[in-house]
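Q: Handing you this structure, nothing more for now.
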Amino acid sequence: MNWRSILTIFNFEMARFWRTPWESLAAPVVSTVLYFVVFGAAIGTRIESVDNISYGAFIVPGLIILTVLQQSLANASNAIFMRKFVGTIHEILAAPISFIEVVAGFVGAAALKSVIIAIVIYLTALAFVDLPLAHPVLALVLLVLTSFGFALWGFLMGIWARDWQQLQFIPMMVITPLVFLGGAFYSASMLPPFWEAVAKLNPVLYLVSGFRWTFFGMADVPVLSSVLALAIFLGLGFLAVWAIFRTGWRLRA
Amino acid sequence: MSPIIEVSDLSKTYASGTPALKGVTLDIREGEILALLGPNGAGKTTFISILCGLVTPTGGQVRVGGHDLLRDYRAARSLIGLVPQEIALEFFESVINTVRFSRGLYGKAPDDAYLERVLRALSLWDKRDAKLRELSGGMKRRVLIAKALSHGPRILFLDEPTAGVDVNLRREMWEVVRGLKAEGVTIILTTHYLEEAEEMADRVGIIDKGRLLLVRDKADLMHEFGQKVLRVELAAPLAELPSALSGLELSPDGLTVSYRYDTHADRSGIARLLGTFAAEGIGVRDVATEQSSLEDVFLRLVRDLA
């Protein structure tokens, strides 16, 4: 394992993050505050509580997951897509490094950015609502795994995308609907039985539910199934990246 | 001395079915400058891209410093630096950072003293903190060279290093390349400026339609295929050549007669020719000879061998 190469890619990507602190940190915080205003203040006054948790607090884990998914995908896909677009990908391909090192550098940095943003959102939320954190270590583990998993898939998206439209396609058409229908703003148990069953086909529900459990100790689905779903998701992403670097698909002619 | 790069029967057919390389075999000697010449689309860039790990070959084998390029890619690639044809840079980075990044990517420990030497040699040291987008095109090209050199490669590939570069900068680049050769770096450059190959190369390889037509020492090539032209300036214009001089060329103004001869022939025929001038009573003011350039050689080869 070539740690120096990994660290070089990782530091380069993190430097980009710190160079534009406003875009990197302030934007996700502002949009979270907006969600608070719209869903928490406007709708929350009508719902009051879900399973004895104030609605404002209830939506926080979902908001964090929502942002983490979007940021992980966007950061990782942009990082590799920009290199393809500008042409600096050649440097990565010509370097004496393995795919694991490339992925570790890019995906690691994208995941860490998401984790930082998630923590900032959490701290922002504390200013608005009372927020318990029942299982902080597990919360962090789930957060890191989710960030890493979606950064991995974002990396794949960046390799797959041939143009900017394709780069936007999956976040817009797949991720956003899954997140909004994934119980970020409501509990699946609030749905009629049929729609509750449908909702349970949505993998994002398992993420949101598992993450919410680490805050409040209650969940729509067993926590173990959340962890399992996440592990499968991560494993598939890793296999796909491995296959891509092995065959050179859309990277090496 | 064993070659630093051994290429045997290398071929590449792209997914579209286009055959770009058809069985190229070539040994590259340590410390030489090899120029690969060929028209656009001949396969030069494909060849370089395979050797640098950007394109996967469909057949054949490459060994770099004794290491198999695919199986032992870490050892093989760490010997190589690539200066790509297109200017591709992170435009918001500073010069020094992008060069440090390249070095780190190759897993080398930071060594700012070494990078300073590289940047100074390329006249980039004063610009080390400048953002890449602020640099002129020529400087960007030099940054690409600095990046390629940042990990101290033993082999440097330059893919059309002077395409679209003005005359001064081209000469500057040649100086840089000569300096690298003096340090023992093996240099492979592609070009379609024949002047460049003629100026720089120890050996010249000619690629056309995916085949390596020949590789020869430049001097041998020029010698072997070289023709000389004798130009005879006349004291007074001629309306037409006398029959004894038929087969020669008379310039439109009637003042110069050109005679082509092969430098390998036992007799050049010059003495006989000048004798004929005297016998015909044609006054000669001056005589000059010209060596045919690599360009002439190249055009003849591509025509004859293709």
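Read-outs throughout are calculated quantities, based only on the coordinates presented, and are distinct from any laboratory measurement. Note that this is a predicted model, so its numbers are computed, not measured. Every residue, glycine as well, gets a Cβ built from its backbone with ideal geometry; the counts of neighbours run over all protein chains shown.
Q: Straight-line reach only, C-alpha to C-alpha below 21 angstrom: list the lysines that residue A:84 could link to, leaving out same-chain residues fewer than 8 apart.
A: Partners found: B:131, B:140, B:147.
Q: Further, regarding this structure: Reachable lysines from residue B:218, Cα under 19 Å, same-chain residues fewer than 8 places away excluded?
A: Excluding near neighbours in sequence, the set is B:44, B:181, B:228.
Q: Label residue A:197 and residue B:123 with points 7 Å out from Cα along Cα→Cβ: what is the distance between them in nm?
A: Roughly 7.7 nm, to one decimal.
Q: Go ahead and run the numbers for FRET between residue B:58 and residue B:236, Cβ-Cβ distance against an R0 of 51 Å, rounding to 0.05. Walk me through the numbers before you get to the answer.
A: Values: r = 65 Å, r/R0 = 1.28.
The value I calculate is 0.20.
Q: Within a 10 angstrom radius of each residue's Cβ in B:95-108, how many Cβ atoms of other chains show up on average? Whole number is fine.
A: On the way: counts 0, 0, 2, 3, 0, 3, 7, 4, 2, 9, 16, 9, 11, 3.
Mean partner shielding for this stretch: 5.
Q: Same structure, new question: Sort B:188, B:155, B:270 by Cβ crowding within 10 Å, fewest neighbours at the top.
A: Working: B:188 27, B:155 21, B:270 15.
The order, fewest Cβ neighbours first, is B:270, B:155, B:188.
Q: With springs only between Cα atoms under 10 Å, which of A:20, A:67, A:176 fluctuates most in a Gaussian network model of chain A?
A: A:20
Q: For segment A:66-72, take each phi angle, set θ = phi - 60°, evaluate the Karplus expression 6.51 cos²θ - 1.76 cosθ + 1.60, and give the result in whole Hz per residue in order, putting x for glycine and proline.
A: 3, 5, 4, 4, 5, 5, 4
Q: Could you give each residue of segment B:231-240 its phi-based ³J(HN,Hα) in whole Hz, using Karplus coefficients 6.51, -1.76, 1.60 with θ = phi - 60°, and x for Gly or Pro?
A: 10, 10, 8, 9, 6, 9, x, 9, 6, 8
Q: Compute a Gaussian network model of chain B, connecting alpha carbons closer than 10 Å, and tell me which residue from B:175, B:196, B:249 fluctuates the most.
A: Looking only at B:175, B:196, B:249, the biggest GNM fluctuation is shown by B:249.
Q: Another one. Round to the nearest 10 and give me the degree value, 0 to 90, for the angle of helix A:3-19's Cα axis relative to the longest principal axis of chain A.
A: Its long axis makes an angle of about 60 degrees.
Q: Mean separation of Cα pairs under 8 Å and 6+ residues apart, divided by the residue count of chain A: what relative contact order is that in percent?
A: Values: 298 pairs, mean separation 63.9, N = 253.
Relative contact order, chain A: 25 percent.
Q: Now a separate question. Among A:235, A:217, A:87, which one shows the biggest mean-square fluctuation in a GNM of chain A, springs joining Cα atoms closer than 10 Å?
A: Looking only at A:235, A:217, A:87, the biggest GNM fluctuation is shown by A:87.
Q: Average partner chain C-beta neighbours within 10 Å, per residue of A:9-18? Can you show the working numbers first?
A: Values: counts 3, 0, 3, 8, 0, 0, 3, 3, 0, 0.
For this peptide, the per-residue mean of nearby foreign Cβ atoms is 2.
Q: Ok, one more. Which loop chymotrypsin sites (Phe, Trp or Tyr not before Pro) in segment B:74-166, with loop taken from DSSP, have no more than 10 other Cβ atoms within 10 angstrom of their Cβ? Walk me through the numbers before you get to the answer.
A: Numbers: sites: B:91, B:92, B:101, B:106, B:114, B:125, B:157; in loops: B:91, B:92, B:106.
Filter output for segment B:74-166: empty list.
Q: Something else now. Would you work out which of B:10, B:164, B:56 lies farthest towards the positive end of the dipole of segment B:5-222, given +1 charges on the beta-carbon of Lys and Arg and -1 on that of Asp and Glu, about the Cα centre?
A: Checking the options against the dipole of segment B:5-222, the answer is B:56.
Q: Here's something else I'd like to know. Residue B:284's amide H: which non-local residues (gap 5+, or another chain) put their own amide H closer than 5 Å, with H modeled 1.01 Å from N in plane and none for Pro or chain starts?
A: Correct list: B:235.
Q: What number, rounded to the nearest 500 deg cm²/dmol, is the helix-based mean residue ellipticity at 222 nm of chain B, given -39500 (n - 2.57) per DSSP H run of at least four residues and division by all its residues? Could you put the intermediate results ahead of the total?
A: Details: 10 runs with 101 residues, N = 306.
The helix contribution divided over chain B gives -9500 deg cm²/dmol.
Q: Same structure, new question: By a straight-distance test (C-alpha under 14 Å), which aspartates and glutamates pair with residue A:200 as possible cross-link partners, with residues fewer than eight away in the same chain excluded?
A: A:220
Q: Suppose only helical runs count, i.e. DSSP H with n ≥ 4. What mean residue ellipticity at 222 nm does that imply for chain A under -39500 (n - 2.57) per run, divided by all residues and rounded to the nearest 500 deg cm²/dmol?
A: Details: 12 runs with 179 residues, N = 253.
Calculated from helices alone, the mean residue ellipticity at 222 nm is -23000 deg cm²/dmol.
Q: What whole-number value in cubic angstrom gives the convex hull volume per residue for the C-alpha atoms of segment B:227-305? Working shown, then result.
A: Numbers: hull volume 8.7 nm³, N = 79.
Value for segment B:227-305: 110 Å³ per residue.
Q: Right, next: R0 = 35 Å: FRET efficiency of residue A:228 with residue B:14, Cβ-based, nearest 0.05?
A: Values: r = 42 Å, r/R0 = 1.20.
Approximately 0.25, to the nearest 0.05.
Q: Then there is this: Under the rule of at least 5 residues apart or a separate chain, name every residue whose amide H is placed under 5 Å from the amide H of residue B:156.
A: B:81, B:186, B:187, B:188
Q: Taking segment B:39-127, which trypsin sites (Lys or Arg not before Pro) meet the DSSP loop condition and have no more than 15 other C-beta atoms within 10 Å? Kindly include the intermediate steps, with their values, before the conclusion.
A: Details: sites: B:44, B:63, B:71, B:74, B:77, B:100, B:103, B:108, B:117, B:120, B:127; in loops: B:71, B:108.
Those satisfying the criteria are B:71.
Q: From other protein chains only, count the Cβ atoms within 10 Å of every residue's Cβ in A:81-87, then give the mean. Please report the intermediate quantities before stating the final value.
A: Values: counts 0, 1, 2, 0, 1, 6, 6.
Per-residue shielding by partner chains comes out at 2.
Q: Now for a different question. Can you give the Rg/Rh ratio of the protein assembly as shown, where Rg is from the C-alpha atoms and Rh is the Kirkwood radius?
A: Numbers: Rg = 33.0 Å, Rh = 28.0 Å.
A ratio of 1.18.
Q: Kindly rank A:141-151, A:181-191 from highest to lowest mean number of other beta carbons found within 10 Å of each residue.
A: Numbers: A:141-151: 23.7, A:181-191: 20.5.
Order by mean packing, descending: A:141-151, A:181-191.
Q: Dipole of the protein assembly as shown, Cα-centred, from +1 at each Lys and Arg C-beta and -1 at each Asp and Glu C-beta, to the nearest 20 debye?
A: 1220
Q: Quick query: amide H of residue B:60 versus all other amide H atoms, modeled in the peptide plane; which residues come in under 5 Å with a sequence gap of 5 or more or a different chain?
A: Those qualifying (amide H under 5 Å, at least 5 residues apart or on another chain) are B:11.
Q: Set Lys and Arg Cβ to +1 and Asp and Glu Cβ to -1, take the dipole of the protein assembly as shown about its Cα centre, and tell me which of A:215, A:166, A:5 lies farthest positive.
A: With unit charges placed on the Cβ atoms, the residue in question is A:215.
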